[in-house]
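Take a look at the structure set out below.
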Amino acid sequence: MAGTKTGDGAGAGVGAGAGAEVGAGTVGGTTATVARGTTGPAGAAGAGRVGGRMGGRIGGRVRRTLLAALVASAVVIPVSAAASPDVPAPPPVAFAEDATAEVRYAANLTNLAEAARTARGAGRTGRAAKLHAMEAGGTARFLAFDGHGTGRAVEVFGRLEGADRVTVLVPGSDTTLDTYQRFRAGAVALQQRLDAERPRSAVVAWLGYDTPGTISATVLTTGRADGAAAELGPFLERLRGLTGPGARLSLLCHSYGSVVCARTATGPAVTDVVLFGSPGTGARAARELPTRARIWAGRASGDWIGGVPHVRFGGIGFGADPVDPAFGARAFDAGSAGHSDYLKPGTASLDSLAAIVLGTGTDVGVPRA
């Protein structure tokens, strides 16, 4: 996603579907003011020391408050208008635990077609057209679908049954049924890249939560991620029953999706968790994440999110930078892609992500921007 910038100093960026950066300048001058109000050399020196300590404390508080206010009030530009929460749709299909993937695909495709007809009948022609495109001429395979509001969808690319490498993509903010095609394009590109080397692979595009909007306070906090993690963990367990025996699962988590993955408890089937284009996770170090999987982190040189200040104050922000060596994640070469381009064909980032999924990725130890 493209970001807009304003101001000087450290940037404060937010969002995962679109974003912005704002500057936090230096707050100062307190010490000098106190010193000027004292006469005599001794008085000036003493006042300078007292003023320095007071100025440091006051200045620090002001800087933290200012930074929090800047982040909270950051102006972002959405890539697409968010869908109205009152979009009409049929209820999602309920499945028995032992329902096969094929049963789920057929029922959800029928539900998707009905949702398109319902939207069109309600005059929501834009949503209807997007849902029709999601049908992919009747070939789409959805493990889950809900056409209400901004929507949810879990789509499979490749043959899940029998796959021994399964990747779950977790998107960031402003990913909805109205912006779904860009998310799908990344999943398709990854599946094609994997299939070229290992046909027994599958990619699951997991839009299984209500992503935060980029114009919202929720994009700056972990609230939506906590709810999403409570959904993603059980999904990963159920997914194991639909794959080949002993399949390796990888979590690829983009932008705000990295906050989701960092809060998701995973079982032993998940071997790798990859954070890319991440604003932070809310954790101080990789060892704090609730998983035994290998943790990877990468950021492309063309990704504006590198300007985000990695702070957490009053529940706002996500703290430590995952690509900082001190965080403890394995580095991978993310190339020069932009924030929304990590899964574009022909990019170094796509090659690196595919290698991690296939088990051939290595910690390149490159400088982390």
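Scanning the stretch 109-127 for residues that are among the small types (Gly, Ala, Ser) and more than 17 Å from residue 180 (Cβ to Cβ) returns 121, 122, 123. Selection over the stretch 179-205 of residues that are open to solvent by less than 30 Å² (accessible area, probe 1.4 Å) and touching a residue at least 60 places away in the same chain (Cβ under 8 Å) gives a count of 8.
Take the stretch 137-151 and flag every residue that is closer than 20 Å to residue 242 by Cβ, without any contact (Cβ under 8 Å) to a residue 60 or more places away in the chain and not β-branched (Val, Ile, Thr). Selection gives 140, 141, 142, 145, 146. Of all residues in the stretch 288-311, those that are of a type in the set (Lys, Arg) and out of contact with any Lys or Arg (no Cβ under 7 Å at 6 or more places or on another chain) total 1. Scan the stretch 302-311 and give yes if some residue there is open to solvent by less than 40 Å² (accessible area, probe 1.4 Å), farther than 21 Å from residue 173 by Cα and of a type in the set (Gly, Ala, Ser), otherwise no. No, that holds for no residue. Within the stretch 346-362, restricting attention to residues that are open to solvent by 10 Å² or more (accessible area, probe 1.4 Å) and within 25 Å of residue 247 (Cα to Cα), the residue that is modelled with the lowest pLDDT is 362.
Can you tell me how many residues in the stretch 114-135 are closer than 15 Å to residue 205 by Cα and in a helix (DSSP H, G or I)?
Count: 1.
Of all the numbered requirements in (1) buried (at least 22 other Cβ atoms within 10 Å of the Cβ); (2) under 21 Å from the mean Cα position of the chain (by Cα); (3) not in a loop (DSSP other than H, G, I, E, B), residue 214 misses one, and that requirement is (3).
Restricting 118, 150, 125 to residues that are modelled with pLDDT under 95 and farther than 19 Å from residue 237 by Cα narrows the list to 150. Only a single criterion out of (1) touching a strand residue (DSSP E or B) at 6+ places or on another chain (Cβ under 8 Å); (2) outside any helix (DSSP H, G or I); (3) not polar (S, T, N, Q) is not satisfied by residue 302, namely (1).
A search for C-beta distances below 7 Å between a residue of the stretch 306-335 that is under 13 Å from residue 222 (Cβ atoms) and any residue that is among the hydrophobic types (A, V, I, L, M, F, W, C) and open to solvent by 40 Å² or more (accessible area, probe 1.4 Å), counting only pairs 6+ apart in sequence or on different chains, returns 316/72; 317/311; 319/311.
Residues in the stretch 163-203 that are part of a loop (DSSP other than H, G, I, E, B) and touching a helix residue (DSSP H, G or I) at 6+ places or on another chain (Cβ under 8 Å): 171, 172, 173, 175, 177, 178, 197, 198. Screening 170, 166 for residues that are touching a Phe, Trp or Tyr at 6+ places or on another chain (Cβ under 9 Å), of a type in the set (A, V, I, L, M, F, W, C), farther than 20 Å from residue 112 by Cβ and at pLDDT 95 or above leaves exactly one candidate, 170. For the stretch 282-299, give me each residue that is at pLDDT 95 or above, open to solvent by 20 Å² or more (accessible area, probe 1.4 Å) and either touching a strand residue (DSSP E or B) at 6+ places or on another chain (Cβ under 9 Å) or in a helix (DSSP H, G or I) (or both). 287, 288, 291, 292, 294, 299, listed by residue number. Kindly list the number of the only condition in (1) in a loop (DSSP other than H, G, I, E, B); (2) open to solvent by less than 10 Å² (accessible area, probe 1.4 Å) that fails for residue 259. Evaluating residue 259 over (1) in a loop (DSSP other than H, G, I, E, B); (2) open to solvent by less than 10 Å² (accessible area, probe 1.4 Å) leaves (1) as the failure. Selection within the stretch 323-345: residues that are touching a helix residue (DSSP H, G or I) at 6+ places or on another chain (Cβ under 7 Å) and closer than 16 Å to residue 361 by Cβ. The member of this set that is surrounded by the fewest Cβ atoms within 10 Å (Cβ to Cβ) is 333.
The values are calculated or read from the model by the stated rules, or taken from the named source; none is laboratory data. Here the structure is a predicted model, which means the values were calculated and not measured. For neighbour counting, all protein chains shown are included, and Cβ atoms are generated from backbone atoms with ideal geometry for every residue, glycine included. These area figures cover heavy atoms from the full protein model, side chains too; ligands, DNA and RNA do not enter into them. Shrake-Rupley method; radii C 1.70, N 1.55, O 1.52, S 1.80 Å.
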